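To keep things clear, I will list the structure first and then write my remarks on it.
The values are calculated or read from the model by the stated rules, or taken from the named source; none is laboratory data. Because the structure is a prediction, the values reported are computed rather than measured. Here Cβ is always computed from backbone atoms with ideal geometry, including for glycine, and neighbour counts include all displayed protein chains.
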Amino acid sequence: MDKRVGERIRAFREKQNLSLADLSDRTGLDETFLSALETEDRYPSLGPLLKIARALGLRLGTFLDDQVSRDPLIVRLSERDSQHAELAMHQAGDQPASHTYHSLGRGKTDRHMEPFFIEMAPEPEADKTLSSHEGEEFIVVVSGKVQLIFGRETNILGPGDSLYYNSVVPHNLSAAGDEPASIYAVLYFPE
């Protein structure tokens, strides 16, 4: 990938002649936070990234696309290793990212879903903040144990388990316990 996601956000913002203050007004996100996204390439969750995409009139995948493919789009396992990860999220300060997202739809510009393979590192309970956004999420656990906090309910899932939920309900999906986990996730964001 030739550009980081933060650089792409800045490029789309500047192309529309928007200042950071303008983007802050459109998204409801703090200007300092937006500046850090653009310059430090850090992300707390998909919720803020979705707000930015909507404020710029883009779909979420636009920040990941660097080429256009033809159907069918095939992503080989070797193409989604850690060196090719597009997003590192749930980063606080100098701590390593707890979620590493590998886009499985990058390059399919007419897609309506966002498919990912996500690697999740353990994180302290205090760092597990809830987020909400329009749309739906479908998850299949590949390895480890995953904790879903959904509203006031908490569930633990293991390999082979799946979940499907309305993401407007405040939620947090993370590795459960002290071991890493991995999932396949398909996210749908209505237009």
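Of the residues screened, V146 is one that is buried (at least 19 other Cβ atoms within 10 Å of the Cβ), without any contact (Cβ under 8 Å) to a residue 40 or more places away in the chain and within 28 Å of I52 (Cβ to Cβ). At least 3 residues being modelled with pLDDT under 75 and not assigned by TED's automatic domain parsing to the domain that holds D22 is the threshold, and among the strands (runs of 3 or more DSSP E) wholly inside region 38-134 those reaching it are 87-89. Of all residue pairs spaced 6 or more apart or on separate chains, those with beta-carbon atoms under 6 Å, a first member in region 20-36 that is outside the structural domain of S131 (by TED's automatic domain parsing) and among the charged types (D, E, K, R) and a second member that is surrounded by fewer than 16 Cβ atoms within 10 Å (Cβ to Cβ) and part of a helix (DSSP H, G or I) are E31/A21. Modelled with pLDDT of 90 or more, surrounded by fewer than 17 Cβ atoms within 10 Å (Cβ to Cβ), closer than 22 Å to E79 by Cβ and among the hydrophobic types (A, V, I, L, M, F, W, C): does that describe V169? Answer is no for this residue. Please verify whether D30 is under 16 Å from M113 (Cβ atoms), of a type outside the set (K, R) and either touching a Gly at 6+ places or on another chain (Cβ under 9 Å) or at pLDDT 70 or above (or both), treating the condition exactly as stated. Against the criterion (under 16 Å from M113 (Cβ atoms), of a type outside the set (K, R) and either touching a Gly at 6+ places or on another chain (Cβ under 9 Å) or at pLDDT 70 or above (or both)), D30 does not qualify.
In region 135-168, which residues are among the β-branched types (V, I, T) and outside any strand (DSSP E or B)? Correct list: V168 only.
Does A181 satisfy being farther than 28 Å from A55 by Cβ and either touching a residue at least 60 places away in the same chain (Cβ under 8 Å) or assigned by TED's automatic domain parsing to the domain that holds L50 (or both)? The answer is yes for A181. If you go through region 149-166 and pick out every residue that is crowded, with 17+ Cβ neighbours inside 10 Å and within 20 Å of H102 (Cα to Cα), you end up with 1.
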